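Remarks on the structure that follows.
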Amino acid sequence: MVDLQTQYQRLQKEIDEAVLGVMESTRFIGGPEVDNFAIELAEYLGTKHVIPCANGTDALQIAMMALGLKPGDEVIVPTFTYVATTEVIALLGLTPVMVDVDAETFTLDLKQVADAISPKTKAIVPVHLYGQCAEMEGLMKLANAKGIFVIEDNAQAIGSDYHFTNGKTVKAGTIGHFGCTSFFPSKNLGCFGDGGAIFTDDDNLAATAKMIASHGQSRQYVHDVVGVNSRLDAMQAAILRIKLPHLDDFISRRIAVADKYDAAFKEVTQIQTPVRNSRSSHVFHQYTLVLNGVDRDGLKTFLAQNDIPSMIYYPIPLHKQKAFALSDSDRSFSVTENLCDNVISLPIHTEMEDEQQNYIIEKVIEFINKAE
Ligand SMILES: *Cc1c(COP(=O)(O)O)cnc(C)c1O
């Protein structure tokens, strides 16, 4: 699905030097690499504070803790997302209120969000799925009118631009009260292990999140709140400092791959290519097709037989997972249920060669024509 090896080889000299530098300095935890990465990422995003942490799941958890959410509080979240988003809500004793997504953008359906808001609703977590922002302007209006916090799950959309109707453009993850991201190796800005970060413009929220990520410590050995231990280590920060200046190039390369897939599948009626929302640029963390009347498992097997990886993100909606199952709900999840049955993601990455992609396209079309 990704080619991390070729990307590493392309940047190997700089990355090796950066990692060696950390080893020689023996500043493995905290230190200048971590501090400078936080400053550089904040600059790139146009946000005031970046708080690095151990992974994207922790970022979400720390953001929810920093907002002072309490057991029984309701948090609205899409049912079509990676498990981490909902998991931390449940882990903190909060109540996940799952809602359906929009059929074109696969992000939160605002009408469903509005219907799901109750007096107990304390936060909404939009997920910028596959690399495109949720409808943030409408969502912020809805949330601000009711004093509800917004935490953006930006694990898949770092670098994406969101355009407001007043002409203002900002980076994904900097619109809500908190933005959270992951530097998991296969993410668009990936490190060589686990990593994550929390973004905010609010000085107080930033101080609280930073304290929570560090054992609730305000000064050494002074613990004001119950926290967690969640750190980005210095080697990962050093690697991310090398990769960050390339992020826009990584994104352009992904968009070029997506453009080529789009053009190739344009005339194929059984395939819905990703719908590009005019309000948000798409950074194509995933290139995901919705199939219509195609045997998806058959296609996946056929591709695998031809040495082409493909993935289903995600086969089971969260409201149907044993861990979060809803006993009964008056809400409809028909869009998500259709997506879970019909989506398939094709390889997309920064190192795709024309020849490779032509082969993938040829095999997808071959299967669909054969099935007719
Ligand atoms: C990857 C991902 C996460 C979690 O990130 P980790 O670093 O693996 O903990 C959370 N939400 C979404 C949507 C993701 O894709």
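The values are calculated or read from the model by the stated rules, or taken from the named source; none is laboratory data. Given the structure is predicted, the values throughout are model-derived calculations rather than measurements. Here the Cβ positions follow ideal geometry from the backbone for every residue, glycine too, while neighbour counts run over all protein chains shown. All accessible areas refer to the heavy atoms of the entire protein, side chains included, with ligands and DNA or RNA removed. Shrake-Rupley method; radii C 1.70, N 1.55, O 1.52, S 1.80 Å.
Being part of a helix (DSSP H, G or I), at pLDDT 95 or above, β-branched (V, I, T) and open to solvent by 60 Å² or more (accessible area, probe 1.4 Å) narrows it down to one residue among T301, T208; which is it? Walk me through how you get there before you give the answer.
Details: T208 fails: open to solvent by 60 Å² or more (accessible area, probe 1.4 Å).
Being part of a helix (DSSP H, G or I), at pLDDT 95 or above, β-branched (V, I, T) and open to solvent by 60 Å² or more (accessible area, probe 1.4 Å) holds for just one of T301, T208, which is T301.
Being assigned by TED's automatic domain parsing to the domain that holds K187, over 30 Å from V225 (Cα atoms) and away from the ligand (no atom under 16 Å from the Cβ), is that true of even one residue in the stretch 44-63? Can you show your working first?
Taking the stretch 44-63 and keeping what is assigned by TED's automatic domain parsing to the domain that holds K187, we get 44-63.
Pick out the ones that are also over 30 Å from V225 (Cα atoms) and you get 44.
Imposing the further condition that a residue be away from the ligand (no atom under 16 Å from the Cβ) reduces the set to 44.
Yes, because at least one residue in the stretch 44-63 is assigned by TED's automatic domain parsing to the domain that holds K187, over 30 Å from V225 (Cα atoms) and away from the ligand (no atom under 16 Å from the Cβ).
Going by the structure shown, is A63 surrounded by fewer than 24 Cβ atoms within 10 Å (Cβ to Cβ), within 20 Å of M136 (Cβ to Cβ) and in contact (Cβ under 8 Å) with a residue 24 or more places away in the chain? Step through it out loud before you land on a result.
On the way: surrounded by fewer than 24 Cβ atoms within 10 Å (Cβ to Cβ): no; within 20 Å of M136 (Cβ to Cβ): yes; in contact (Cβ under 8 Å) with a residue 24 or more places away in the chain: yes.
Against the criterion (surrounded by fewer than 24 Cβ atoms within 10 Å (Cβ to Cβ), within 20 Å of M136 (Cβ to Cβ) and in contact (Cβ under 8 Å) with a residue 24 or more places away in the chain), A63 does not qualify.
Can you name the number of the only condition in (1) open to solvent by 40 Å² or more (accessible area, probe 1.4 Å); (2) on the phi > 0 side of the Ramachandran plot that F284 fails?
Only one criterion in (1) open to solvent by 40 Å² or more (accessible area, probe 1.4 Å); (2) on the phi > 0 side of the Ramachandran plot is unmet by F284, namely (1).
Kindly indicate whether V127 is on the phi < 0 side of the Ramachandran plot and out of contact with any Pro (no Cβ under 7 Å at 6 or more places or on another chain).
Details: on the phi < 0 side of the Ramachandran plot: yes; out of contact with any Pro (no Cβ under 7 Å at 6 or more places or on another chain): no.
No: the conditions fail for V127.
If we keep just the residues of the stretch 85-127 that are closer than 15 Å to Y314 by Cβ and crowded, with 21+ Cβ neighbours inside 10 Å, which is farthest from the ligand (Cβ to nearest atom)?
The first filter runs over the stretch 85-127 and keeps only residues closer than 15 Å to Y314 by Cβ, leaving 85-87, 98, 100-101, 106-107, 127.
Still in the list and also crowded, with 21+ Cβ neighbours inside 10 Å: 85-86, 98, 100-101, 106-107, 127.
Numbers: T85: 5, T86: 10, M98: 14, D100: 16, V101: 12, F106: 11, T107: 11, V127: 5 Å.
This residue is D100.
What tally of residues in the stretch 304-313 results from selecting those that are among the small types (G, A, S) and surrounded by 13 or more Cβ atoms within 10 Å (Cβ to Cβ)? Even if it seems obvious, please write down each step before you answer.
Quick first cut of the stretch 304-313, residues among the small types (G, A, S) only: 304, 310.
Checking the rest, the ones that are also surrounded by 13 or more Cβ atoms within 10 Å (Cβ to Cβ) come to 310.
Adding up the residues that qualify gives 1.
Going by what's in this entry, would E43 be described as within 26 Å of D161 (Cβ to Cβ), of a type in the set (D, E) and either touching a strand residue (DSSP E or B) at 6+ places or on another chain (Cβ under 7 Å) or not in a strand (DSSP E or B) (or both)? Lay out the reasoning, then the answer.
Details: within 26 Å of D161 (Cβ to Cβ): yes; of a type in the set (D, E): yes; either touching a strand residue (DSSP E or B) at 6+ places or on another chain (Cβ under 7 Å) or not in a strand (DSSP E or B) (or both): yes.
Against the criterion (within 26 Å of D161 (Cβ to Cβ), of a type in the set (D, E) and either touching a strand residue (DSSP E or B) at 6+ places or on another chain (Cβ under 7 Å) or not in a strand (DSSP E or B) (or both)), E43 qualifies.
What are the residues in the stretch 337-353 that are in contact (Cβ under 8 Å) with a residue 60 or more places away in the chain and either within 15 Å of P274 (Cα to Cα) or of a type outside the set (S, T, Y) (or both), if any?
Taking the stretch 337-353 as the starting set, the residues that turn out to be in contact (Cβ under 8 Å) with a residue 60 or more places away in the chain are 338-340, 345-352.
Matches in the stretch 337-353: N338, L339, C340, S345, L346, P347, I348, H349, E351, M352.
For the stretch 128-143, enumerate the residues that are in a helix (DSSP H, G or I) and more than 13 Å from the ligand (Cβ to nearest atom). Write out each step before concluding.
Start the filter on the stretch 128-143 by keeping residues that are in a helix (DSSP H, G or I), which leaves 129-131, 136-143.
Residues satisfying the conditions are M136, E137, G138, L139, M140, K141, L142, A143.
For V268, are the conditions met, namely being part of a loop (DSSP other than H, G, I, E, B), surrounded by fewer than 19 Cβ atoms within 10 Å (Cβ to Cβ) and in the same structural domain as H128 (by TED's automatic domain parsing)? Reasoning before the result, please.
Numbers: part of a loop (DSSP other than H, G, I, E, B): yes; surrounded by fewer than 19 Cβ atoms within 10 Å (Cβ to Cβ): yes; in the same structural domain as H128 (by TED's automatic domain parsing): no.
No; evaluated as a whole, the condition is false for this residue.
So which pairs qualify, if the first residue must be in the stretch 75-97 and of a type in the set (D, E, K, R), the second must be near the ligand (Cβ under 10 Å from one of its atoms) and open to solvent by 40 Å² or more (accessible area, probe 1.4 Å), the Cβ gap must be under 6 Å, and the two must be at least 6 apart or on different chains?
Short answer, once both residue conditions are applied: none.
List, please: which pairs have Cβ atoms under 7 Å, are six or more places apart or on different chains, and start with a residue in the stretch 123-144 that is farther than 23 Å from D73 by Cα and end with one that is away from the ligand (no atom under 16 Å from the Cβ) and β-branched (V, I, T)?
Pairs found: E137/T165.
Restricting attention to the stretch 131-172, which residues are more than 16 Å from D248 (Cα to Cα), surrounded by 24 or more Cβ atoms within 10 Å (Cβ to Cβ) and in contact with a Leu (Cβ under 8 Å, 6 or more places away or on another chain)?
Residues satisfying the conditions are A134, L139, I151, D153.
Please state which of the following conditions G159 fails to meet, knowing it meets all the rest: (1) within 16 Å of the ligand (Cβ to nearest atom); (2) touching a strand residue (DSSP E or B) at 6+ places or on another chain (Cβ under 6 Å).
For G159, the failing item is (2).
Please specify each residue of the stretch 171-208 satisfying the condition of being in contact (Cβ under 8 Å) with a residue 24 or more places away in the chain, more than 16 Å from the ligand (Cβ to nearest atom) and more than 18 Å from N144 (Cα to Cα).
Of everything in the stretch 171-208, those that are in contact (Cβ under 8 Å) with a residue 24 or more places away in the chain, more than 16 Å from the ligand (Cβ to nearest atom) and more than 18 Å from N144 (Cα to Cα) turn out to be K171, D203, A206, T208.
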